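The values are calculated or read from the model by the stated rules, or taken from the named source; none is laboratory data. Quick caveat, the model's predicted, so the values are computed rather than measured. When we count neighbours, we look across all protein chains shown, and the Cβ atoms used for this are built from the backbone with ideal geometry, even at glycine.
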Amino acid sequence: MFWRKQRAAIEGFHPLHRTLVEEKWFSVSLPRDQWEPVIRSLAGHEAAVKRRRWRITPRTSGVLVPMLRVLAADMPPEGMLSVALDTRGADVPEKRGPERPVQVSRPIMSMKEWFVLDPWLRMRAELRDGSVVELAVTDRVRHRKYRKRNPRGKIKYKHKTKTVQMVSVTRRLGKGAAPRPPGTPPPRWIQVRVKDGNRFVIRANAKLLGPLKDDELRERILHVSTEPFRWTPTGAAGRSTR
């Protein structure tokens, strides 16, 4: 009976929310106001669903939902917000790169290394100041599998991983808008580049040693996202409403 109630709750979710529950990913572009029912549906998932088979990753409520709210607050009603969310995890075969041998020294006898790239979140928002913001969050996991001979001559197999979470935020300014360097530099863990062209492009990148907890990852993403907006002072063309 309990699972029937949960199944009924899922049937009442927004269609995008149900797609995420059943397929673990979605990619869609919607006007700003059409995201509000999606946000409400996703935010209520944990309270409505307890069964493991229908759970979704905590990143959805801990990272995606807050970022949707932040971006939507800076958008006009007709602005388009695009989201590609992939919660299938890093074990999907197409996310795994090729293996390569690594030069070793004793007591390690041999080692193979490969990387897994999991671009689990992509967002693009058209803001009311005429600029466009793109956000990308990717988990890069380095795998190393090796044979090692211990002092007693016994051979052991080891498998170690190292995760780096890469955050990239790009802001393409509106027509006629020009950036101005902020009064203080960004934190050392954030790299900022400004590109001149038909429109100025400001890109902020960060590599975070992880995996971080969702609340900490969210705060780091927000910190990186703020950096491109420090390059347009209040009152200038293409300013932000932040």
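Descriptive notes on the structure:
- Unmet criterion (only one of (1) buried (at least 17 other Cβ atoms within 10 Å of the Cβ); (2) in contact (Cβ under 8 Å) with a residue 40 or more places away in the chain; (3) under 18 Å from the mean Cα position of the chain (by Cα)) for residue 32: (3)
- Residue list for region 44-83, restricted to those being over 14 Å from residue 137 (Cβ atoms), in contact with an Asp or Glu (Cβ under 9 Å, 6 or more places away or on another chain) and part of a helix (DSSP H, G or I): 54, 61, 72
- From 118, 74, 139, residue being over 17 Å from the mean Cα position of the chain (by Cα), touching a residue at least 24 places away in the same chain (Cβ under 8 Å) and surrounded by 17 or more Cβ atoms within 10 Å (Cβ to Cβ): 74
- Filter result for residue 43 (of a type in the set (Gly, Ala, Ser), in contact with a helix residue (DSSP H, G or I) (Cβ under 8 Å, 6 or more places away or on another chain) and either closer than 21 Å to residue 90 by Cα or at pLDDT 95 or above (or both)): no
- Per-region count, region 84-96, residues exposed (fewer than 13 other Cβ atoms within 10 Å of the Cβ) and either in contact with a Lys or Arg (Cβ under 7 Å, 6 or more places away or on another chain) or part of a helix (DSSP H, G or I) (or both): 2
- Qualifying position, being surrounded by 13 or more Cβ atoms within 10 Å (Cβ to Cβ), among the aliphatic types (A, V, I, L, M) and in a loop (DSSP other than H, G, I, E, B), among 217, 212: 212
- Per-region count, region 144-172, residues out of contact with any helix residue (DSSP H, G or I) (no Cβ under 7 Å at 6 or more places or on another chain) and outside any loop (DSSP other than H, G, I, E, B): 20
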